[in-house]
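A short write-up of the structure that comes next.
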Amino acid sequence: MLEVELRCRYISYIYINDCLTVNTSKLDKIKTKQIKAMEKLMRFKWTTLLPLILFITALTGCDKEEPDPIMEQTSIAEIAVATPELSTLVSALQTADLVSTFQETGPFTVFAPTNAAFEKLDPTTLNTILNDQALLTRLLQYHVVGGAVLSSQLSNGPVPTLEGSTIAVDLTSGVVLNGSANVITANVEASNGVVHLIDEVLIPEDFFAQTITQIATSNSDFSILASILARPEMSDLLAAASNPSSTLTVFAPTNQAFTNLLATLSTLGINSLDELPSGLLAEIVQYHIIGNTVLSGDLSEGEVQTLLSEESVSVSLANGVMINNANVVQADVQAINGVVHAVDQVLIPSFIANALGTISQSIVFNPDYTILAAALRKAGLLNTLSTTDNLTLFAPTNDAFTAAGITSLDGLTAESLTPILLYHVLGAKVTSNLLPASGIATTLQGDNLYLGYLGSGGVLINGLSNIVAVDEELGSGVIHQIDNVLTPPSPDVVDVAVAMSQAETAEFTVLTSLLTSPDFAAVTQALKTAENVTVFAPTDAAFAEIADVIPTLTVDQITSILQYHVLGDRVFSTDLTNGQTATTLNGQTFQINLGATATITDKSGGRDAQILETNVHGRNGVIHVIDKVILPEL
């Protein structure tokens, strides 16, 4: 009945349009009595006789069994456009710019999928096809056979298509194509061929219409991998796997592979992938991807670089295909943008494998250490920590790096990071109960750390960093967590003061002018060569308060004043106590007062000096900033 309805629809459609345009060339070709009667009726208003025209036309068309002259004037494209059931096909033809081909040339036999046939396809797969003109053109050409072939002229066996491959025809029960697509309306004849409506879209054997992402999401055995790719931090990887223009090879771990990984991680106290640092999980996924398409038959023994920088996988072909220690359990699942090989183990990058059982393990897997881990890897030091025995690491947290103004490693080189990182490492395993009583510990960078032991039991490093957690022992090493990044004290205290005087908000220009004056070279030399000193440095505003006094002082008196600001030991702010008497380099003393603020009482009898800033660290000492020039007895 659908075939009859279609024929009637085409006849009525063409005939009415011909009458409306008074196309006498077609009317002359139709010699039936009914149509001649209609020609006479056209002398009247056509709107009055429209119902009668439709009735007579329908009767005429529906009774025909021979090829219809009107049908012979209708192209395949016009038939498709006039058939609502083929609107998706028409849209596809328009997208592929093939409408004109089926309107003018031929003859062709078109196996035309209905809208319902297209709806059977996975929506994302269909969308991929419709948005790739080359892919769409190939698919459409696979539905076209050269020449006009009626259903009665078909025979069992392969039929070549315009796409280049063949369609398998089976006439055992109706007309069935490729084993499952049924011809539901046959022999809709056109001026340039014939159309057979079918209930499935025909797919060539080597036609790959899914992206790698679609393969992962449509395969229940890749559901964990698909869920990982859907995470916000995976957006770049998801975009690459979804891009039809990409060329990738993915070694895709099965769900069981991830289950096996979690069983291993549970021994490290990690019970969910959510507990891993997001950046680490992204790197693990990158390690499963090669930047070009490699079928299993094209793999060769040896190392293959992955998308993860400086990390490669090892291919072995001795017993099937193995990637590192994982077996390829399903090879060559081809996609429009590459190929997927399923593997039975999650592949682990070497920097993670080497870290297991060492102090690096905590740095790699602890979300609080992601910046430290990235810095160690950028400097090439993570593997050093993993492979060197008997180390102590003072590990700054992410918050510690943020407090130091380091939220990104962009612009930092391995050369600039290395001395800073090595300054956090001791070349021996030193648990908290073995920290040196002297308070001095030499780092792998070469400079010393200065440990301050607080009455509360806490420990300060260089007067700035608190040890907030101790004794995380892994392998032959130990980690102490700190809340501030340690900076190697490269300049001595004089150089530090000079650098501070050259800052945008300089405060020590007067002090540094005195220290760089030849008259006080002895004081400067003593400060530069001392092993440990503490300088209470007056600001420019402090010197301004005694601007009228300075010109009246002798060189010896100014020398004594400068020496009065220096202690012969490294004293951090945490080492100061209320009422403490401090002996200076000139032999005189002053008193430390700790209350709401920290102050110094000198010998002048005037106001106390307030300590404004503390613990500016230098190679051979520490600087505290004060708001008054403290005066000895002169």
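Just a few scattered comments:
- Here is the size of the chain from its Cα atoms: Rg then Dmax, 42.8, 138 Å.
- For the peptides 373-386, 146-159, 310-323, the ranking by packing is 373-386, 310-323, 146-159, with the highest mean count of neighbouring Cβ atoms within 10 Å listed first.
- Highest to lowest packing among 273-280, 250-257, scored as the average C-beta count within 10 Å: 250-257, 273-280
- Solvent-accessible surface of segment 205-277, taken per residue with a 1.4 Å probe and all protein chains present: 46 Å².
- Distances between placed amide hydrogens fall under 5 Å for ASN327 paired with ASP344, GLN345, all partners being 5 or more residues away or on another chain.
- Sorting the segments 186-196, 434-444, 566-576 by their residues' average number of neighbouring beta-carbon atoms within 10 angstrom, most packed first, yields 186-196, 566-576, 434-444.
- Test item: Cα-centred dipole of segment 493-626, Lys/Arg +1 and Asp/Glu -1 on Cβ, debye: 260 debye
- Normalised per residue, the accessible area of segment 76-198 is 43 Å², obtained with a 1.4 Å probe and no contribution from ligands, DNA or RNA.
- Percent accessible area from carbon and sulfur atoms, the chain, protein chains only, probe 1.4 Å: 53 percent
- A Förster radius of 25 Å combined with the Cβ-Cβ distance from ILE203 to THR259 puts the calculated FRET efficiency at roughly 0.15.
- Segment 493-626: C-alpha gyration tensor shape, a/c 1.5 cut-off, then a/b vs b/c: rounded
- Surface analysis of segment 534-634 yields an accessible area of 43 Å² per residue, using protein heavy atoms and a 1.4 Å probe.
- Measuring between their Cα centroids, segment 451-521 and segment 249-289 lie 40 Å from each other.
- Of all DSSP beta bridges confined to the chain, the antiparallel ones make up roughly 75%.
- At the listed q of 0.14, 0.18 Å⁻¹, the Debye profile of segment 354-482, built from one uniform point per Cα, gives log10 I(q)/I(0) equal to -0.57, -0.98.
- Taking the Cα centre of the chain as origin and assigning +1 to Lys and Arg Cβ atoms and -1 to Asp and Glu Cβ atoms, the resulting dipole is close to 1680 debye.
- Förster radius 25 Å - calculated FRET efficiency between SER309 and VAL470, Cβ distance, rounded to 0.05: 0.15
- Normalised by 2.2 N^0.38 Å, where N is the number of residues, the C-alpha radius of gyration of segment 212-348 stands at 0.98.
- Cα-based reach from LYS429 at 18 Å (exclusive), listing aspartates and glutamates while leaving out same-chain residues under 8 positions away: ASP389, ASP447, ASP471, GLU472, GLU473
- With the charge dipole of the chain set up from +1 on Lys and Arg Cβ and -1 on Asp and Glu Cβ about the Cα centre, the Cα lying farthest toward the positive end among the listed residues ALA544, ILE558, LEU89 is that of LEU89.
- Note on the chain: dipole from Cβ charges, positive end direction compared against GLY380, GLY193, LEU567; the farthest Cα belongs to GLY193.
- For the chain, calculated [θ]222 nm from helices alone, where every DSSP H run of n ≥ 4 adds -39500 (n - 2.57): -9500 deg cm²/dmol
- Taking the charge dipole of the chain about its Cα centre, with +1 at Lys and Arg Cβ atoms and -1 at Asp and Glu Cβ atoms, the residue from ASN327, LEU409, HIS341 reaching farthest to the positive side is HIS341.
The values are calculated or read from the model by the stated rules, or taken from the named source; none is laboratory data. The structure presented is a predicted model; accordingly, all values stated were derived computationally and were not measured. Reconstructed Cβ throughout: ideal geometry from the backbone, glycine too, with neighbour counts over all protein chains shown. These accessible areas exclude ligands, DNA and RNA; they are computed on the full protein's heavy atoms, side chains included. Shrake-Rupley method; radii C 1.70, N 1.55, O 1.52, S 1.80 Å.
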